[in-house]
Amino acid sequence: MEDYIIDLENITVRFNKANMKVDNLKEYVVRLLRRQLLFQEFIALDGVNLKIKKGEAWGLVGTNGAGKSTLLKVVSRIIKPYKGTVNVNGTVAALIELGAGIDPNLSARENIYLNGTILGYKKDFIAERFDDIVEFSELQDFLDSPVKNFSSGMKARLGFSVATSVQPDILIADEILSVGDIKFKKKCMNRMKSMLSSGTTLLYVSHNMDSIKRLCDKALWLDHGKPVMTGTAKEVCDAYIEKMKS
Amino acid sequence: MTLVRKDKSGGFLEVFKYKDLLIQLVSRDLKLKYRRSVLGYVWSILNPLLIMIVMYVVFSKLFDRNIPNFPVYLLIGRTMYDFVIGATNKAMDGITTNASLLKKTYVSKFMFPLAKVTSGMVDYVLSLGALLIVLVFTQSPFYWTMLLFPIVTLEAYIFTCGLGFFLAQMHVFFRDTRYIYHAFTTAWMYASAIFYPVDILPDWMRVIVEYCNPVYIYIKQFRDIAYSGCLPSLDSIILGVAYAALFFVLGVTIFRDKQDKFILYI
């Protein structure tokens, strides 16, 4: 048996898309009595298989709503699938939205600790890396001002710096580099590349085919929750672009 | 052989892995509370004092003859009740207010209600300054039994955590939990003998309050050690610990079983 770092088998994720969501007890009881409790099924992922070996870089492509982000959330344990098995062997750093978990009322310094502990690190461990994090984020001059005064780019820097301060086994990135200036984007790209070259496995979502071709070896194309094509990044991206043109 | 991770995650014991996060969350709550106003700490003492004075003025004519040192009696009851109800109310929001975070990162979901109850407990300990002031002001005696205060607090803390977990998961599915709970806590306050002596109740009511109301059990223990200067009865301790354990186990179990559905409702 081959060893996979990420092994997804027959993953199905379903949501309730009932247009009138019952979120209070009063309505729930009323509808229960009238037998109007609807469950309108929406299949976000439908029987997706994905086997990734250690050190590979995978790109996910597809139109909006194809299930790319849902798949990333399954790998990073945020969503448990309705059916299927998930095997993930290693630490995961999920960059699904930079700055999730940043408290606007706290200073940048306090947020580095808060964000780091949310990711499951110990306080001492963050303290050791504190200077590196600050240096990478280039926020030295704003360390003690509340984050609510920061621009979205500055928040993204803070989030990226904390999340990538430790080398994870698996890095999950979802369209994160859309904010931030060119210089910082380049810096992020370089950091991701250096992680890749030292053995981190990457799962990357982007609508920018060039960046997928540049970073990834392989790619998966999803459409309405179903896998359309798997192959090398170049093949899949070219096929996808071709399809989008027609 | 690969490990199936979903079997390893989501249990309550995971909170120990995140214990540094608990410290961060609690210190954030306290920092924000006390940073926002210069009078931060003064308020946490002044508030119970003012409420006590109002209640004292209202009820002293009614019960003063039966209850010696009414201010201390009142303040102990009020402080304990405020801790349990305040902390559970904050714990209820634990999951829903962190929705955006939980959609984007994996964290043990137990952390958020737990942090709210813990910061509520720190607030409660700080607000005991008010009790100290009243004790000195009324020239009440100090008893060695007051040293047993951590035991009473621990029982109430564990009970409150359990109830907090239960309310937090319920609030995810039913956003009107808050209003239902509000009505419930009003009744609960009157059933906790905060401003009246328990022996004015008819027998059947008294049995309910003394045996079926954990908050009253903790108030009674607190009064035993700080107001009467005696040891709580063994029955009371057994009952108090039993309620704490029961609510904690139920709260954790229900929360754990429902947590995978949170993402669909937040």
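A few remarks follow.
- If the condition is being of a type in the set (A, V, I, L, M, F, W, C) and closer than 17 Å to B:THR145 by Cβ, then segment B:207-266 contributes B:ILE217, B:ILE219, B:PHE222, B:ILE225, B:ALA226, B:CYS230, B:LEU231, B:LEU234, B:ILE237.
- One residue from B:ALA168, B:ALA156 being away from chain A (no Cβ under 14 Å), in contact with an Asp or Glu (Cβ under 9 Å, 6 or more places away or on another chain), in contact (Cβ under 8 Å) with a residue 60 or more places away in the chain and on the phi < 0 side of the Ramachandran plot: B:ALA168
- Residue that is farthest from the other protein chains (Cβ to nearest Cβ) [pool: residues in segment A:60-97 that are assigned to a strand (DSSP E or B) and more than 12 Å from the chain's Cα centre (by Cα)]: A:VAL61
- Residue that is modelled with the highest pLDDT, among those in segment A:174-188 that are open to solvent by less than 50 Å² (accessible area, probe 1.4 Å) and either more than 18 Å from A:VAL92 (Cα to Cα) or of a type in the set (Val, Ile, Thr) (or both): A:PHE184
- The set of residues from segment B:98-110 being out of contact with any helix residue (DSSP H, G or I) (no Cβ under 8 Å at 6 or more places or on another chain) and either more than 14 Å from chain A (Cβ to nearest Cβ) or not charged (D, E, K, R) (or both) comprises B:ALA99, B:SER100, B:TYR106.
- Within segment A:4-18, considering residues that are in a loop (DSSP other than H, G, I, E, B) and at pLDDT 80 or above, the one nearest to the other protein chains (Cβ to nearest Cβ): A:TYR4
- If only residues of segment A:19-33 that are at pLDDT 80 or above and open to solvent by 80 Å² or more (accessible area, probe 1.4 Å) are counted, the one that is farthest from B:MET170 (Cα to Cα) is A:LEU33.
- Considering segment A:107-158, and only residues there that are among the small types (Gly, Ala, Ser), more than 12 Å from every other protein chain (Cβ to nearest Cβ) and crowded, with 20+ Cβ neighbours inside 10 Å, the residue that is nearest to B:LEU30 (Cα to Cα) turns out to be A:ALA108.
- Criterion violated by B:VAL198 - all others in (1) modelled with pLDDT of 95 or more; (2) more than 14 Å from chain A (Cβ to nearest Cβ) satisfied: (1)
- Residue check for B:ALA245: in contact (Cβ under 8 Å) with a residue 60 or more places away in the chain and over 20 Å from B:VAL117 (Cβ atoms): no
- From the options B:LEU62, B:LEU50, residue that is modelled with pLDDT of 90 or more, open to solvent by 20 Å² or more (accessible area, probe 1.4 Å), over 18 Å from the mean Cα position of the chain (by Cα) and away from chain A (no Cβ under 13 Å): B:LEU50
- Residue in segment B:6-28 that is open to solvent by less than 90 Å² (accessible area, probe 1.4 Å), among the aromatic types (Phe, Trp, Tyr) and modelled with pLDDT under 85 present: no
- Subset of segment B:219-252 that is open to solvent by less than 50 Å² (accessible area, probe 1.4 Å) and of a type in the set (Ser, Thr, Tyr) - its residue that is farthest from A:ASP23 (Cα to Cα): B:TYR227
- Residue within segment B:180-188 that is touching a residue at least 40 places away in the same chain (Cβ under 8 Å), touching a helix residue (DSSP H, G or I) at 6+ places or on another chain (Cβ under 6 Å) and more than 14 Å from chain A (Cβ to nearest Cβ) present: yes
The values are calculated or read from the model by the stated rules, or taken from the named source; none is laboratory data. Nothing here was measured: the structure is a model prediction, and the numbers come from that model. Positions of Cβ are backbone-derived with ideal geometry, glycine not excepted, and every protein chain shown enters the neighbour counts. Accessible surface areas use protein heavy atoms only, side chains included; no ligands, DNA or RNA. Shrake-Rupley method; radii C 1.70, N 1.55, O 1.52, S 1.80 Å.
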